[in-house]
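Notes to accompany the following structure.
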Amino acid sequence: MRQLKQSGKVAAVRKSSLHHQVAQDIGARILRGEFAPGDLLPNEAESCKTYGVSRTAVREAMKMLTAKGLIVSRPKIGSRVQPRDSWNLLDRDVLVWYCAAAERSHFLASMHQVREILEPEAAALAAVNHTAGQLKTIEQALHAMRDSVDPAAWNTADVQFHVAILWAAGNELLVPFGFLIESALGTMFDFTVRHNQTWREAYPLHENIVVAIRKRRPDAARKAVRVLLADTGAVLAQQARETSREKRRAKPKVKK
């Protein structure tokens, strides 16, 4: 085991993953805005000193960040942070960093829009294309939601439910979006469940989706997902209103 310094903390990591740990720390700092687009990253010598690793580990970390679209490296210039539109947000690591760094209301609204675009049609495809094994996986996730004893268990099963539907759609090009759902929905569901004391009432809405998929009724599956998303959207809208009111109350009053 070796030790790696990360943002003032010391973390023990395996030698084989040192470059990944360096890439993870720098990548998260880019997503948080500590390194802005156009900024030059610290040079190799500085990074070696900061993280307590070899030049090889730093170079491998830079290669990872380059592959994710976060930086571009040039000889005699160094590594520069790329514009945001170059970042690969469908990369699993980048998405995790994005979820942690993004302003919450913006992230939730954006994620809900993606779900509205993607999930109804994915469910319709699943109704047409699913195999017996894929249907069983969807049903197992539904049963886990039914049997969950707390919000954490519910959220885990809920993510598995939606990922299983995406896989059952039978379109390989949707697979990267499975990573998006798996990485981002956990964050979203945790928020909606914590702000909705009647979260178990969403179970029948999920069950309706399964019934439509099982009966191979794509229109019904599409409609059932839209009903579920409308329910989630209402929770998000209500919380946005409450947050807005709290901000107005907390804003200092200017004396005239």
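The values are calculated or read from the model by the stated rules, or taken from the named source; none is laboratory data. Only a predicted model underlies this, so the values are computations on that prediction, with no experimental measurement involved. A quick note on method: Cβ atoms are made from the backbone with ideal geometry, for glycine too, and the neighbour counts reach across all protein chains shown.
Miscellaneous remarks
- Any hit, the stretch 72-93, residues being under 15 Å from the mean Cα position of the chain (by Cα), within 18 Å of V159 (Cα to Cα) and free of Cβ contacts under 8 Å to residues at least 12 places away in the same chain: no
- Number of positions in the stretch 110-137 that are of a type outside the set (D, E, K, R) and modelled with pLDDT of 95 or more: 16
- First in the stretch 143-166 and buried (at least 16 other Cβ atoms within 10 Å of the Cβ), second anywhere and of a type in the set (D, E) and not in a loop (DSSP other than H, G, I, E, B), Cβ under 7 Å, 6 or more apart: M145/D158; N155/D190; V159/E182; H162/E119; V163/E182
- Meets criteria (under 16 Å from G233 (Cα atoms) and either of a type in the set (A, V, I, L, M, F, W, C) or more than 23 Å from the chain's Cα centre (by Cα) (or both)) for F107: yes
- The condition (being within 14 Å of W97 (Cβ to Cβ) and either small (G, A, S) or over 19 Å from the mean Cα position of the chain (by Cα) (or both)) is satisfied by just one residue among G38, G52, G69: G69.
- Scan of the stretch 138-196 for residues that are acidic (D, E), at pLDDT 85 or above and either assigned to a helix (DSSP H, G or I) or touching a Leu at 6+ places or on another chain (Cβ under 8 Å) (or both), ordered by number: E139, D147, D158, E172
- Any hit, the stretch 125-132, residues being outside the structural domain of A45 (by TED's automatic domain parsing), exposed (fewer than 14 other Cβ atoms within 10 Å of the Cβ) and of a type in the set (S, T, N, Q): yes
- Residues of the stretch 33-60 that are among the hydrophobic types (A, V, I, L, M, F, W, C), without any contact (Cβ under 8 Å) to a residue 40 or more places away in the chain and surrounded by 12 or more Cβ atoms within 10 Å (Cβ to Cβ): C48, A57, V58.
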